[in-house]
């Protein structure tokens, strides 16, 4: 089973590599960092969609002549999305008070995202229950179908948790990724569980972790695990490419990590290998 914490941290590390790389990374290069995780096709597509989607800071310098119109559109979306979320959760769950409309970013990319959400299908409670049952029974097509139907809920949850528009898109992205990962875990599990509760918990935990990270309160243990996983992936990839064990400098060039940081990670990997051999 995919280790979600390591996977998420690896996502963040690769995102930083993409951001700082002098040349764009190809899809094949991006997926090479996750090769040892044996992702399925849906997970690979999710990784590429997440990493290749521009975030709000990339558009921060763009000026728009339609700012007032976009603000109104954001306000309109606030009302319609809240109403939609309430309708979809007609199972008696009480909605939390949502944040103010100005929590929604005004970037063009996010406005396009809101427009895409409007086109996603909605399902009755009976249809949703049938979809959850099919998911637990192993129908992989339900992963994308349920994911699409939950994206409006993800947005509503983000508005409940986020304090401002700064970093809001990242919080939504983290929620969408957690949604997809949890659905992948539940698919074929044949467990009797409250799927909606499981999804809400996974999404909320991911969003809160993202907010903590932006506030400088990141879980250092998970961050280290992600970097260790990233270095291992890089070492394996470079070894296969070169036919020999890569040097620390080569791994550093590939991962964009400093030699000092790599030395610490190499030492952790060495200690872990010694422990494995001693068992």
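The values are calculated or read from the model by the stated rules, or taken from the named source; none is laboratory data. In this text the structure is predicted, and so the values were computed from the model without any measurement. Neighbour counts run over all protein chains shown; Cβ positions are idealised from the backbone, glycine included.
Against the list (1) buried (at least 20 other Cβ atoms within 10 Å of the Cβ); (2) closer than 18 Å to residue 28 by Cα; (3) at pLDDT below 80, the condition residue 233 fails is (3). The number of residues in the range 161-177 that are assigned to a loop (DSSP other than H, G, I, E, B) and more than 18 Å from residue 16 (Cβ to Cβ) comes to 5. Would you say residue 180 is outside the structural domain of residue 47 (by TED's automatic domain parsing) and more than 30 Å from residue 126 (Cβ to Cβ)? Against the criterion (outside the structural domain of residue 47 (by TED's automatic domain parsing) and more than 30 Å from residue 126 (Cβ to Cβ)), residue 180 does not qualify.
Scanning the range 178-203 for residues that are under 13 Å from residue 135 (Cβ atoms) and part of a helix (DSSP H, G or I) yields a total of 11. The set of residues in the range 128-148 being under 18 Å from residue 198 (Cα atoms) and either exposed (fewer than 14 other Cβ atoms within 10 Å of the Cβ) or within 17 Å of the chain's Cα centre (by Cα) (or both) consists of 130, 133, 137, 138, 143, 144, 146, 147, 148. Taken together, 32, 81 contain a single residue that is modelled with pLDDT under 80 and touching a helix residue (DSSP H, G or I) at 6+ places or on another chain (Cβ under 8 Å), which is 81. Taken residue by residue, the range 261-269 has no member that is in a helix (DSSP H, G or I), in contact (Cβ under 8 Å) with a residue 12 or more places away in the chain and under 18 Å from residue 18 (Cα atoms).
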